[in-house]
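Dropping the structure in here first, questions after.
The values are calculated or read from the model by the stated rules, or taken from the named source; none is laboratory data. Just so we're clear, the structure is a prediction, and the values are computed from it rather than from any experiment. Here Cβ is always computed from backbone atoms with ideal geometry, including for glycine, and neighbour counts include all displayed protein chains. We work out accessible area using only protein heavy atoms, side chains counted, and drop any ligands, DNA or RNA first. Shrake-Rupley method; radii C 1.70, N 1.55, O 1.52, S 1.80 Å.
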4 protein chains.
Amino acid sequence: MSMPNAAGSAALSGVIPPVCTPLTPDYQVDVASFVRLLDHLLDGGVDGLFVLGSSSEAAYLTDAQRRVVLETVVGHVAGQVPVLAGVIDMTTPRVLEHVRAAVAAGVSGVVATAPFYTRTHPAEIRLHFRTIAAQGGLPVYAYDLPVSVHTKLGAGLLLELAAEGVLAGVKDSSGDDGGMRAVIMGREAPFSVLTGSEVTVDSALWMGADGVVPGLGNVDPHGYVELYRCASRGDWEAARAEQERLVRLFEIVKVGGTRMGGSSSGLGAFKAALHLRGVIDCPITALPQIPLNHDEIGRIGKLLATAGLL
Amino acid sequence: MSMPNAAGSAALSGVIPPVCTPLTPDYQVDVASFVRLLDHLLDGGVDGLFVLGSSSEAAYLTDAQRRVVLETVVGHVAGQVPVLAGVIDMTTPRVLEHVRAAVAAGVSGVVATAPFYTRTHPAEIRLHFRTIAAQGGLPVYAYDLPVSVHTKLGAGLLLELAAEGVLAGVKDSSGDDGGMRAVIMGREAPFSVLTGSEVTVDSALWMGADGVVPGLGNVDPHGYVELYRCASRGDWEAARAEQERLVRLFEIVKVGGTRMGGSSSGLGAFKAALHLRGVIDCPITALPQIPLNHDEIGRIGKLLATAGLL
Amino acid sequence: MSMPNAAGSAALSGVIPPVCTPLTPDYQVDVASFVRLLDHLLDGGVDGLFVLGSSSEAAYLTDAQRRVVLETVVGHVAGQVPVLAGVIDMTTPRVLEHVRAAVAAGVSGVVATAPFYTRTHPAEIRLHFRTIAAQGGLPVYAYDLPVSVHTKLGAGLLLELAAEGVLAGVKDSSGDDGGMRAVIMGREAPFSVLTGSEVTVDSALWMGADGVVPGLGNVDPHGYVELYRCASRGDWEAARAEQERLVRLFEIVKVGGTRMGGSSSGLGAFKAALHLRGVIDCPITALPQIPLNHDEIGRIGKLLATAGLL
Amino acid sequence: MSMPNAAGSAALSGVIPPVCTPLTPDYQVDVASFVRLLDHLLDGGVDGLFVLGSSSEAAYLTDAQRRVVLETVVGHVAGQVPVLAGVIDMTTPRVLEHVRAAVAAGVSGVVATAPFYTRTHPAEIRLHFRTIAAQGGLPVYAYDLPVSVHTKLGAGLLLELAAEGVLAGVKDSSGDDGGMRAVIMGREAPFSVLTGSEVTVDSALWMGADGVVPGLGNVDPHGYVELYRCASRGDWEAARAEQERLVRLFEIVKVGGTRMGGSSSGLGAFKAALHLRGVIDCPITALPQIPLNHDEIGRIGKLLATAGLL
């Protein structure tokens, strides 16, 4: 169970997948498939939804497409679970535009990275998050993704902004579990620490993380929900066994190999798996991503079968 | 003299400053100041204008603000010189939106980076530029800026896309003059090589570069135009002397030091100098950039005076 | 308990600290202090010792000093526990020299990084480790330390070399626990996975790691031994509590702040703490490291006191 | 003409190739080939020699092999031109060992990088060079090679150490000609600025650089000497033509492609070319470098023929 962060409330927790954005063959948002995906996730028992994150191909969606996503998810979910929205863009003024759209759509919170493309500085990162929090009117979650943003959000900076009330939590996709632990141990009030790593969820929860935002959770939401429930009731052995099954499933993101970028390979795999499982109509990814070929999709099918998902 | 690249035409050449975007104290585009800046540059004798580049704070401007810039520049310049427009965004679909706005405004060409934020690959970079060229209908210039994009555009890739007719040129802000030379020596048809480095323009022209896109050209367009003219008539000694004066002036970008990021320091310095020279009303930079303080602006004033600009 | 890896034997496991190298005020190896440090660690119950690693300042020691370290440790330990020796150098021929010295001294195994300083390639990294294994005659452990080596040893490469019998294990100081888990789950024969991260030992053991090589173990060997014992008997709650105490103690490495490099700050803190605890005579670190000042050492003392170590 | 830097003397200048180290098939220094290579370079008219640099495979040579190189070069050159020696190692104490060996052998100056492998800091880099200068007793040249050292030596730091008399010059292999120009324009006393870039020598000299340390100069010393002489007498057109011929020849370093690291490809090409030109007996490179194959060496032969060198 989880709730949006607010004065006196508990921190957001549980399984909150970054929802893929299915596309039609002509690269428009496939609303019907998207709704089926939302139901697939809700049926899987997820505790929240995170749209317009990196796994959602937010970096590839036009503003109009982002609005379709926001309106569809808020309308369809209708308050069953909290909905977070990514507001990914280069700098504060552009991020604020996305925040306005997210607020207008009625989401529960927004997720923002540090500035990127520009040559930034900790003083600027602080001002960035403070401005977003002051003008947004919604809980703000920091998105720590150095592989994309080329800046690591240090524990000191996060804890400072947490203490100020600027940040309600962090989605930590840095892979630096030592740094994540420093945030967990250093926080003095509810502050959601959500790991973005699909393969170390049991250990993150063990350290005290509140939840997980797993891209692979699109493919197998039941698996992550089961993992989280096992951990919540203290059955860590079962949590680990489930995690290890998911680690093996996560091999699907490597099928694309070196003939394409990591985004193409990872997001392509999630969508191919959702297509093979019958959730979405078309596995296409946005341009300029390289599509997986027939043979690669076949190998993804075998990994799904091994995981008991086909 | 220079002209937009097209079948049978010469490559774009000369001094093409990346035009700063003056802001009002409440962070809106200051159109009156912007028009004065355009006149300042045209009076300086520039051969073209590049709006919505990094020095224009394009990464900080909302789409609406970008449109104001485009419409103002095209309307005011009225064909006196070519106008290039940056279409800086993370991926192909978002870049194409900016291309459409630029085409609608009536610019002469667009300037695009490789994808960023996503984990990209040469095959994806090629597809990115090919798609932009196919759908844009305008000459496309590649913008090589590894400090922001975290990918270096290699000579092989640029020459391949040049040979295909996909790219009309490159703005090389990588600082890798060896790589730039490989492009200059390897091209087999008109292909504009424009250096983005303010401090090695004489040597870039010496190697065969067609022109320069100097952020510092906002502050001292006459200087860069004089440098280019000297080089064009073969008076390399005079070109070097002018370049060395501009190298000393370029110290203004370091005044901000380590208490802010490089964007704040560099763009802040250009705007402070334009304000001190009476060209723009307000030196403010977009959020979350840290403003230069009174003392720092004073030091910029001294450097301007030394360069004979106050 | 642990033993050097060999046919039919168990993998190396437990707590194997990277032993600091105490220096005299004139920068020679302080053998008396080094012997006291070895006793301090053995009394703490460690399962092995790793000399000439990064925490040992191996990068700062001359070959003659390295030999003093090797001879002292092998002579003093006299087979009570396995002794691993770092053979840190830029390339294969230079590493082989260190391997010969280590073999001559009588250590149990060697620890080697990928080539650095040179621009390397996976094919070269494989050849590097194969050559070391073929010529060394001792178990070879890979040292994955991207912050120093600027190459990440991927799970695929490690598992390939493990399957070949080239590598007996890995010291993973990459901080990438997802990658470490892939090695743990992918190995098909005894292959020691040792985490080099001081702050995630409980979770690494939870994932199946065999042991830990903690720099902070110089300061508090009893703590890491207790942590490992708790985990070994399945008392994970107690392991976590001990780990969290050590996380707080690990703050000592940050006391040096931004006025020095991370090596100066971290290694200086370990040595200052060992000096304050009465183990070594002098906290000096090798040149060109910046020494901690009086105030900083005072703050380290307070952190030691909080941890119950003074 | 050039002379070692000393009180009242001119700065070191001209063409100073980083001399390759020929090896026998069993990876020992091939002294006979090395002597032939020295004669090849001296006959080509070079102004100095730089042994034990990166192009010399210094990172791959054992200390004993380095001594063979030092003794051979000093004995054979016998004062005809200055001899600089690289003292490449991770930190100050290890570098000082190499300095002692170089002094004992009788070289004219030493070339040192910033510390690497360790996590360093400008204050440590300053202390590093100051210690080397104080203890070495020979002119010290800084070696700026970020691709290997992962630190860029800024103009401010270099000028500070130049003003102190710590550094006699810099070998700039950073590719950052803007930064190099800042050093050239900022120096207030003789301070040798030597570019390490093979493909921008004419422009570096144009900016005021004193000389060049070209790896490709092993293959074609006459070419670089001709380039330098043309520039020295002010015939820049001829200098550029010669440079452009050498740029085309430099394509040999790319023949190895992506199946090996850049060191293997570049150093392998220099040695293959020297072998094809009959200067050295065996083109082998040190382990773990991947050797060029028959086909690749054939392509190098064609590039040599095109350059008029076969």
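If you take each beta carbon of peptide A:183-195 and count the beta carbons of other chains within 10 angstrom, what is the mean? Walk me through the intermediate numbers first.
Values: counts 0, 2, 4, 2, 0, 0, 0, 0, 0, 0, 0, 0, 0.
Across the residues of A:183-195, the mean count of other-chain Cβ atoms within 10 Å is 1.
Between B:Q80 and C:E237, what is the spin-label point distance in nm, taking each point 7 Å from the Cα along the Cα→C-beta axis?
Placing both labels 7 Å beyond Cα along the Cβ direction yields 7.9 nm.
Which percentage, to the nearest 5, of the DSSP beta bridges contained in the protein assembly as shown is antiparallel?
Antiparallel bridges: around 5 percent, rounded to the nearest 5.
With chain A treated as a Gaussian network of Cα nodes joined by springs under 10 Å, which of A:G154, A:G136, A:G261 yields the largest mean-square fluctuation?
So, out of A:G154, A:G136, A:G261, the one fluctuating most is A:G261.
So in region B:2-234, what percent of DSSP beta bridges are antiparallel if you round to the nearest 5?
Once the DSSP bridges in region B:2-234 are tallied, antiparallel ones form about 5 percent.
Going by a ≥ b ≥ c, the root eigenvalues of the Cα gyration tensor, does region B:18-61 fall in the rounded group (a/c under 1.5), the prolate group (a/b larger than b/c) or the oblate group?
Because a/c hits 1.5 or more and a/b fails to exceed b/c, region B:18-61 counts as oblate.
Tell me which residues come under 5 Å, amide H to amide H, from A:F50 once H is placed; ignore anything under 5 positions away on its chain.
Hits under the 5 Å cutoff: A:V19, A:L84.
Right, next: Taking 7 Å along the Cα-to-C-beta vector as the label spot, tell me the B:D63-C:A104 distance in nanometres, rounded to one decimal.
Going from the B:D63 label point to the C:A104 one covers 7.1 nm.
Taking both sides together, what accessible area is buried at the D/C interface, probe 1.4 Å, expressed in Å² and rounded to the nearest 100?
3800 Å²
OK, next. In µm²/s, what is D for region D:197-286 at 25 °C and 0.890 mPa s, where D = kT/(6 pi eta Rh) by Stokes-Einstein and Rh is the Kirkwood radius from Cα pairs? Write out the running numbers ahead of the final one.
Values: Rh = 13.8 Å.
Using the Kirkwood radius from Cα pairs, D works out to 178 µm²/s.
Now, a different point. With the label 7 angstrom out along Cα to Cβ, how close does C:R248 come to the same site in each of the other copies, in nm, nearest first?
Once sorted, the set of distances for C:R248 reads 4.1, 6.0, 7.2 nm.
Taking only C-alpha pairs under 8 Å that are 6+ residues apart, what is the relative contact order of region D:2-234 in percent?
It rounds to 21 percent for region D:2-234.
On to the next question. Share of region D:2-234's accessible area from carbon and sulfur, percent, 1.4 Å?
Looking at region D:2-234 in its full context, I get 53 percent from C and S.
Work out, in µm²/s and without decimals, the Stokes-Einstein translational diffusion coefficient of region B:2-234 at 4 °C, 1.567 mPa s, Rh from Kirkwood over C-alpha pairs. Spell out each step's value before the answer.
Working: Rh = 17.4 Å.
Answer from the Stokes-Einstein relation: 75 µm²/s.
Here's something else I'd like to know. For C:86-95, what's the mean count of beta carbons from other chains sitting within 10 Å of each residue's beta carbon?
Whole-number average of other-chain Cβ neighbours for C:86-95 is 6.
Still on this structure: Amide H to amide H under 5 Å from D:Y143: which residues, 5+ apart in sequence or cross-chain, H placed 1.01 Å off N in plane?
Residues meeting the amide H criterion: D:A112, D:T113, D:A114, D:K171.
Semi-axes of the equivalent ellipsoid for the protein assembly as shown, please: Cα gyration tensor eigenvalues, times 5, square-rooted, ordered largest first, whole Å.
Semi-axes (√(5λ), whole Å): 45, 44, 29.
Still on this structure, please answer the following. For the protein assembly as shown, what is the accessible area per residue in Å², given a 1.4 Å probe and the full set of protein chains?
Value returned for the protein assembly as shown: 32 Å² of accessible area per residue.
Put a point 7 Å out from Cα along the line to Cβ at D:L309; what are the distances to that point in the other copies, in nm, shortest first?
For D:L309, the other copies' label points sit at 4.4, 5.4, 5.7 nm, shortest first.
Please report the residue of chain C with the smallest beta-carbon distance to the C-to-B rotation axis, and give that distance in Å, no decimals.
That would be C:T258, 5, residue then distance in Å.
Can you tell me, using C-alpha contacts under 8 Å and at least 6 residues apart, the relative contact order of region D:182-257 as a whole percent? Before the final figure, lay out the partial values.
Working: 79 pairs, mean separation 20.9, N = 76.
Averaging sequence separation for qualifying contacts and normalising by length gives 28 percent for region D:182-257.
Where in region C:273-291 does accessible area fall by at least 40 Å² between the isolated chain and the complete protein assembly, at a 1.4 Å probe radius?
Going by heavy-atom accessible area, the residues of region C:273-291 that drop by at least 40 Å² are C:L287, C:P288, C:I290.
Further question on the same structure: Tally Lys/Arg at +1 and Asp/Glu at -1 over every other residue whose Cβ is under 11 Å from the Cβ of D:D176; what's the total? It would help to have the intermediate numbers written out before the result.
Values: positive: D:K152, D:R181; negative: B:D176, B:D177, D:D144, D:D172, D:D177.
Spelling it out: positives minus negatives among the neighbours equals -3.
Using a 7 Å offset from Cα along the direction of the beta-carbon, what are the separations from D:T24 to the same position in each other copy, nm, ascending?
4.1, 7.5, 8.2
Shifting gears a bit: State, as an integer percentage, the relative contact order of region B:36-97 based on alpha-carbon contacts under 8 Å between residues 6 or more apart. Don't skip to the end; give the middle numbers.
Details: 46 pairs, mean separation 27.0, N = 62.
Relative contact order of region B:36-97: 44 percent.
Now for a separate question. Excluding ligands and nucleic acids, what accessible area in Å² is computed for A:W236 using a 1.4 Å probe, to the nearest 10?
Solvent-accessible area, nearest 10 Å²: 50 Å².
What nm distance separates the two modelled labels at D:V147 and B:V147, each placed 7 Å from Cα along Cα→Cβ?
Output for this residue pair reads 2.1 nm.
Need one number: the % of Cα-Cα pairs in region A:81-181 sitting beyond the 15 Å mark.
Of the Cα pairs, 57 percent sit more than 15 Å apart.
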